[in-house]
Each structure stands twice: as C-alpha cells, then as structure tokens.
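What follows is a single structure, written as structure tokens, with notes after it.
Bear in mind that the values in this text are calculations on the coordinates, not laboratory data. Model, not experiment: these values are computed from the prediction. No Cβ is skipped: glycine too gets one built from the backbone with ideal geometry, and neighbour counts run over all protein chains shown.
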Amino acid sequence: MKKMVLLMVLALCCTLAVAFAATDGTNQTVSGASAGSAEKFGTEFTLVNIDQFEKENPINPAIGILTANAALGKNASINVTQIEPGKSFGAHYHQYRDEIDYIVKGQANMTIAGNTHLVKAGDLIYVPPMTVHDFTGIGSENMALICVFTPPYDGKDRIYV
C-alpha cells in the first residue's frame, strides 16, 4: 500500500512538473497568498508552505470552509482547501477540468459519483471532468487538501448540483 501511495505521489509530482514547466511567464500566486506562504523563483516555479498558507488564509467561520489559489501556471493551478468537521464543500462537478486532490491532514467523507468513501491524510484522488463530488469534514481537526486542476481553475467551472 505504501509503495502504491508513493508511486501516486511521484506521478502527481511529474504531472505538476510538466504542467508548470510549460508556463509562459504568468506563473503567479493569487487570492491573498502573501510572501510568507509563497515565494516565486523566476517564472519556473512557486514554493508554498501549506502550514503557513493555512494560517494566512483562515477558514471563514460563517461557512466552515475555505478554498484559495496557491499557484497558477499556464496548464495547471493548485488550490488549498480547508474544511471544518461537520461542514461540506457542496456537491459539484467541473465540465472541463481534471482534478487531483491530495489530503494533507484530517479526514472527510468524500462522495464521488454517488458513492461515499472515507478519505484521510495521505490519500490521493483523481476526479475526471463531469464527475459529481463533495467532501464533508469529519473527526476532530480541520481537513486540508491540495487540489490540482488542469487546465487551470478559473473560478467559473464549478457547477453545484
């Protein structure tokens, strides 16, 4: 099992390397990420410390979730999403985007294509376009996940159902 997870993480890293290597110089950090949580190194890559990013982009207590863009390239983007226990992101799909989610901490019930699965820190999920999915935080700590979108997420392709 550990070997499979490591292979999946390696595949994710390779995918990101290819996607961000194709940047046209527009690689940037947006949505309130400050210099403490993200550093730009020329146009080749952006370094984000997830713990610091979470501190600088706290969950909205009125809704119990937060999603913020952490890195943006020509062919992919990365969001960091945080969900409090008992809160739900909301069932939705993306028409044109592949989504890869990596659970950094915490756990949730993920409903995908009508089936619910327990996901926890260390899990990696691929969500193809047009697939309805949702996360509901469970346990005693906030769940944090990294969401990789290709093509880059533009804020318009999240259709709630």
Show me the chymotrypsin sites (Phe, Trp or Tyr not before Pro) within segment 54-161 that DSSP assigns to loop and that have at most 15 other Cβ atoms within 10 Å of their Cβ.
96
What do you get for trypsin sites (Lys or Arg not before Pro) in segment 98-161 restricted to DSSP loop and a cutoff of at most 13 other Cβ within 10 Å of the site's Cβ?
156
As an exercise, take the mean of 1/r over every pair of distinct alpha carbons in segment 40-137, invert it, and state the Kirkwood radius in angstroms.
14.5
